[in-house]
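Report on the structure given below.
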Amino acid sequence: MNNKIKLAVAGAVLSAASVANAGIVIPAGDWTLDVNGNVNAFATWTSADKAKGTRIDTAAAGGLASGEDVTGEGSTQEINTGLLPSWLGFTGTTRQNDVDVSFTISFQPNASDNAGSGDAKTPLNRQAFVTFGDKSWGSVKVGKDLGIFAGQAILNDMTLLGVGGGASKVSGASTTLGGIGTGYIYPAWKGQIAYTTPNMNGFTATIAITNPNQGAFGDGISTSTTTDSTGETTSSNAKTELYQDRFGIEGQVMYEWTGDVAGKVWASGATYDVSVDGRVAASQTASTTSAFDDNYTASVYDIGASITTGNLGLTGYYYNGEGVGTTIMGAYGYNATGTTSGAGKKRDSDGGYLQATYVIPTGTKLGLAYGVSNLDEASGETATALVEKNERWTVGAYHPLTKHLNLVAEYNKIESEGHAAGQSMESDHFSLGAILFF
């Protein structure tokens with residue numbers, strides 16, 4: 001089975017008896033082809049409370065709790081994939097000239113779509129990479145795969161086999177958020193060239209240059225609002241363009257052990273240089289004089305541990321960064337409005353999650369998790385619409401109906417608070433579904 005799918009299964013919440021150990025293995029001359037993946041779908045019922053103060057569930061503000069719509073309706077339903085998209089992967093492996101060589105290509109279709117025809121969404125394409133190496137000197141990866149920083153955070157999140165946060169008000173979104181933005185920053189799928197050391201009695205280290213993904217670093221905080229028919233105010237957003245002008249650098253160290261008390265501990269980090277072009281607000285043209293131009297370094301580190309003993313599993317994780325924002329790398333990490341004394345300054349952020357799971361005699365794994373992501377204002381900033389904290393409580397049950405098929409029930413409570421006095425939103429999400437690995 002593809003390495004990332006193996007990690008997702010082993011690092012998430014399923015008991016060892018409930019998962020496949022490999023995909024569909026096909027010998028093909030010098031190659032061995034592994035066809036692998038999963039299919040999942042969930043029905044989710046959402047109940048959102050009326051927002052207090054200015055709504056912060058907007059592109060400008062960063063709140064993740066759902067809010068009532070413009071008619072005042074807070075109850076919605078959807079059928080969608082969960083945090084892990086449905087997946088079809090192809091991995092080929094061979095050994096030539098004393099070098100282990102492999103390739104992986106994968107595709108991720110959606111489970112639902114809200115278009116009239118039901119097929120308007122474009123499938124995801126998250127993996128296309130080559131690895132080569134040997135156990136004596138390590139391995140090199142070239143291509144697109146999961147980012148290194150925060151990779152273990154998402155792979156050990158129990159909602160990887162469920163829904164977590166981010167259930168939308170409209171069906172057909174590509175995936176939900178799980179614990180992204182409520183406990184860790186999304187590692188994303190990045191072009192990379194990475195070197196991983198050989199396994200040295202359980203210790204490994206990885207260092208990589210990564211593609212400077214641009215989209216997450218383009219944000220500004222609005223100073224204008226509109227009022228809907230219910231009397232709630234919603235912020236609008238004029239963006240200032242932030243872009244990266246060099247490769248990112250990401251790395252990780254990890255130690256794993258086995259025994260009656262088995263587990264792993266890890267630490268990872270990332271750094272990116274970001275340039276600011278203040279001319280590219282929504283109402284400006286390229287020739288407009290910039291309010292300010294700037295450059296800064298966004299950097300972040302994390303530390304985590306996951307331990308199992310008997311039927312009990314425990315995971316703890318923490319991250320801390322400057323200029324990296326919240327939810328997605330770079331989002332809201334910099335005050336680019338040029339309108340306050342905090343303009344042109346980085347924002348600090350931190351967060352983490354705690355998770356406990358236990359397998360009861362029926363084989364069902366029960367889980368409880370709490371996660372939070374905090375975002376500070378820049379020094380001197382007085383934002384009127386900026387999220388301060390996104391929190392998540394998750395209660396889940398993951399039952400292995402067969403070796404490959406698991407039934408899932410989850411309850412997620414999402415709370416968002418803003419920096420301005422009285423800004424808060426809450427939503428409750430109940431999900432039922434199934435996920436099958438092959």
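Taken together, the values in this text are just the output of simple stated rules run on the coordinates, not laboratory data. Note that this is a predicted model, so its numbers are computed, not measured. Cβ placement follows ideal geometry from the backbone for every residue including glycine, while neighbour counts extend to all protein chains displayed.
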Virtual spin-label span in nm between Val395 and Asn114, 7 Å along Cα→Cβ: 2.8 nm
If you wrap a convex hull around the alpha carbons of segment 337-438, what volume per residue comes out, as a whole number of Å³? 129 Å³
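Can you work out the FRET efficiency for the pair Gln96 and Glu256, with r the C-beta to C-beta distance and R0 = 22 Å, to the nearest 0.05?
0.20
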Sorted by average packing, counted as other Cβ atoms within 10 angstrom per residue and highest first, what order do 154-166, 31-43 take? 154-166, 31-43
Extended-chain gain in nm, criterion 0.36 nm per residue less alpha-carbon gap, Leu368 and Asn199: 57.6 nm
Mean Cβ-within-10 Å packing, highest first, puts peptides 419-432, 123-136 in the order 419-432, 123-136
Determine by what factor the alpha-carbon radius of gyration of segment 139-193 differs from 2.2 N^0.38 Å, reporting the quotient. 1.27
Nearest 20 debye, what's the magnitude of the dipole of segment 320-438 about its Cα centre given +1 on Lys and Arg Cβ and -1 on Asp and Glu Cβ? 520 debye
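Please report the projected area of segment 79-119's Cα convex hull averaged over all directions, in nm².
3.9 nm²
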Based on the mean of other Cβ atoms within 10 Å per residue, sort peptides 188-194, 368-374, 137-143 so the most packed one is first. 368-374, 188-194, 137-143
Can you tell me the FRET efficiency between Asp376 and Thr32 if r is taken as the Cβ-Cβ distance and R0 is 60 Å, rounded to the nearest 0.05? 0.75
